[in-house]
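Enquirer: Below you will find the structure I want to go over with you.
The values are calculated or read from the model by the stated rules, or taken from the named source; none is laboratory data. No experiment lies behind these values; they were computed from the predicted model shown. Reconstructed Cβ throughout: ideal geometry from the backbone, glycine too, with neighbour counts over all protein chains shown.
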Amino acid sequence: MAALFINPHEDPAPWRAALKRRIPDLEFRVWPDVGRAEEVEFAFCWKPAADSLEGLPNLKVLFWLGAGIDWLLEHRARVPDVRIVRLVDDALTACMTEYVVLHVLRYHRSQPQLDLQQSQQLWADLPQRLPWNRTVGLMGLGVLGTDAADKLKALRFKLAGWSRSAKTLPGVECFHGDDGLVPFLNKTEILVCLLPLTAQTRGIINARTLGALPRGAFLINAARGGHVVVEDLLAALDSGQVAHATMDVFEPEPLPVGHAFWRHPRVTVTPHNASLTDPEFSLAVVADNIARYRRGEPMVNEVDMAREY
Ligand SMILES: NC(=O)c1ccc[n+]([C@@H]2O[C@H](COP(=O)([O-])OP(=O)(O)OC[C@H]3O[C@@H](n4cnc5c(N)ncnc54)[C@H](OP(=O)(O)O)[C@@H]3O)[C@@H](O)[C@H]2O)c1
């Protein structure tokens with residue numbers, strides 16, 4: 001049996017080497033060199049070229065090499081009716097947490113204002129707050145939201161979190177569902193979006209939700225560009241309702257040259273690099289799931305396409 005790598009965006013060599021080390025009996029093929037299509041049991045896939053998932057009659061599991069499955073939802077018609085597992089691994093989670101902590105601290109310590117002062121050669125102290133007097137609100141308390149919460153807790157921030165279902169997390173004031181959204185936002189001074197992009201969450205960062213934050217709040221969006229209504233965010237920045245925004249993700253990507261975010265004095269743009277996919281760590285998780293599949297056990301992080309995440 002064989003695994004087919006369908007990822008036009010990455011060099012397959014490290015994936016081939018990592019798979020050979022972990023599952024030597026599984027042949028590694030790289031699309032479009034499919035070979036005998038009926039031998040392909042697993043696909044390792046990220047934003048595949050059109051039609052590359054067709055004509056694989058014995059495909060059993062599609063391993064999506066990313067944490068968010070919004071691309072699969074958008075291209076549902078092209079996605080075969082097989083089991084789908086998204087990518088969750090230590091490297092991806094650790095990098096995302098670094099990103100969140102980096103930008104939370106940057107806002108907490110007024111670094112954007114200090115950068116501005118330096119550009120004006122201005123020596124002036126700014127008021128400082130203690131972390132236990134500052135509330136960071138995490139939209140999404142899944143794998144990434146809970147890991148970020150753990151590390152922010154260690155830095156002694158006050159934490160609020162919002163999810164779809166009710167949760168209890170030590171040190172996090174938890175809100176959930178539509179009714180919990182505004183109370184959650186009302187106390188959030190630094191909002192971090194780590195939601196999946198679904199029909200329910202598209203456009204969730206909009207005039208209404210930004211207006212529910214305390215005036216002068218900060219936004220960090222490391223989830224998906226589709227969560228943000230761009231005009232509403234620009235209006236909130238212009239009015240001072242939002243003091244500064246850091247964004248890693250956009251619609252479309254790359255962020256087009258000339259987009260208002262590029263030169264906005266109170267927007268930080270990063271090129272969708274909050275997190276990374278490391279073949280060694282990713283393949284460890286994929287190989288573990290292949291072993292589970294072969295033993296007939298449940299796989300970890302299998303996606304529910306009906307739930308959309
Ligand atoms: N920028 C990057 O480089 C990068 C890298 C990796 C991931 N991401 C993004 O981060 C997202 C989150 O990843 P994850 O692994 O943490 O996902 P996850 O484990 O599936 O967690 C998702 C969280 O969002 C909550 N949620 C989903 N729909 C909701 C709704 N309608 N209302 C309220 N809460 C809702 C879930 O609530 P429940 O707990 O109740 O289910 C859960 O807490 C991914 O989908 C991806 O888009 C970005």
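Enquirer: Which condition does residue 238 not pass, out of (1) within 16 Å of the chain's Cα centre (by Cα); (2) not hydrophobic (A, V, I, L, M, F, W, C); (3) not in a loop (DSSP other than H, G, I, E, B), if it passes all the others?
Expert: Against the list (1) within 16 Å of the chain's Cα centre (by Cα); (2) not hydrophobic (A, V, I, L, M, F, W, C); (3) not in a loop (DSSP other than H, G, I, E, B), residue 238 comes up short only on (1).
Enquirer: Okay, next question. Consider residue 300 carefully, then state whether it is under 14 Å from residue 90 (Cα atoms) and either free of Cβ contacts under 8 Å to residues at least 40 places away in the same chain or loosely packed, with under 15 Cβ neighbours inside 10 Å (or both).
Expert: Yes: the conditions hold for residue 300.
Enquirer: So which of 130, 144 ends up being touching a Ser or Thr at 6+ places or on another chain (Cβ under 7 Å) and either closer than 30 Å to residue 176 by Cα or not aliphatic (A, V, I, L, M) (or both)?
Expert: 144
Enquirer: Would you be able to tell me the number of residues in the stretch 78-99 that are in a loop (DSSP other than H, G, I, E, B) and within 16 Å of the ligand (Cβ to nearest atom)?
Expert: Summing the residues that are in a loop (DSSP other than H, G, I, E, B) and within 16 Å of the ligand (Cβ to nearest atom) in the stretch 78-99 gives 4.
Enquirer: Which is assigned to a loop (DSSP other than H, G, I, E, B) and either in contact with a Pro (Cβ under 9 Å, 6 or more places away or on another chain) or without any contact (Cβ under 8 Å) to a residue 24 or more places away in the chain (or both), of 102, 116, 59?
Expert: 59
Enquirer: Determine if the stretch 174-190 includes at least one residue that is buried (at least 21 other Cβ atoms within 10 Å of the Cβ), within 26 Å of residue 305 (Cα to Cα) and of a type in the set (S, T, N, Q).
Expert: No: the stretch 174-190 contains no residue that is buried (at least 21 other Cβ atoms within 10 Å of the Cβ), within 26 Å of residue 305 (Cα to Cα) and of a type in the set (S, T, N, Q).
Enquirer: Anything in the stretch 210-228 that is away from the ligand (no atom under 16 Å from the Cβ), crowded, with 16+ Cβ neighbours inside 10 Å and either assigned to a loop (DSSP other than H, G, I, E, B) or touching a residue at least 40 places away in the same chain (Cβ under 8 Å) (or both)? List them, or say none.
Expert: 213, 218
Enquirer: Considering each of 273, 289 in turn, give the residue that is at pLDDT 95 or above and under 30 Å from residue 241 (Cα atoms).
Expert: 273
Enquirer: If you check 192, 143, which single one turns out to be closer than 19 Å to residue 228 by Cα, within 16 Å of the ligand (Cβ to nearest atom) and of a type outside the set (S, T, N, Q)?
Expert: 192
Enquirer: Same structure again: Is at least one residue of the stretch 100-123 closer than 18 Å to residue 222 by Cβ, touching a Phe, Trp or Tyr at 6+ places or on another chain (Cβ under 7 Å) and away from the ligand (no atom under 16 Å from the Cβ)?
Expert: The answer is yes; a qualifying residue exists.
Enquirer: What do you reckon, is residue 253 touching a helix residue (DSSP H, G or I) at 6+ places or on another chain (Cβ under 9 Å), assigned to a loop (DSSP other than H, G, I, E, B) and charged (D, E, K, R)?
Expert: So residue 253 passes the test.
Enquirer: Also: From the list 72, 59, 65, which residue is of a type outside the set (Gly, Ala, Ser) and more than 16 Å from the ligand (Cβ to nearest atom)?
Expert: From the options 72, 59, 65, the qualifying one is 59.
Enquirer: Of the residues 236, 207, which single one is over 30 Å from residue 59 (Cβ atoms), touching a Leu at 6+ places or on another chain (Cβ under 7 Å) and either within 13 Å of the ligand (Cβ to nearest atom) or at pLDDT 95 or above (or both)?
Expert: From the options 236, 207, the qualifying one is 236.
Enquirer: Next question. Only residues that are more than 20 Å from the chain's Cα centre (by Cα), without any contact (Cβ under 8 Å) to a residue 24 or more places away in the chain and within 13 Å of the ligand (Cβ to nearest atom): list them for the stretch 146-174, please.
Expert: Once the filter is applied, which keeps residues that are more than 20 Å from the chain's Cα centre (by Cα), without any contact (Cβ under 8 Å) to a residue 24 or more places away in the chain and within 13 Å of the ligand (Cβ to nearest atom), the stretch 146-174 yields 166, 168.
Enquirer: Could you tell me which numbered condition residue 270 fails, if it satisfies all but one of (1) polar (S, T, N, Q); (2) under 30 Å from residue 15 (Cβ atoms); (3) crowded, with 17+ Cβ neighbours inside 10 Å?
Expert: Every listed condition holds for residue 270 apart from (3).
Enquirer: Continuing with the same structure: Step by step: first the residues of the stretch 61-95, then only those that are among the charged types (D, E, K, R) and under 14 Å from the mean Cα position of the chain (by Cα), then the one that is farthest from residue 280 (Cα to Cα). Which residue is that?
Expert: Filtering first and then ranking leaves 70.
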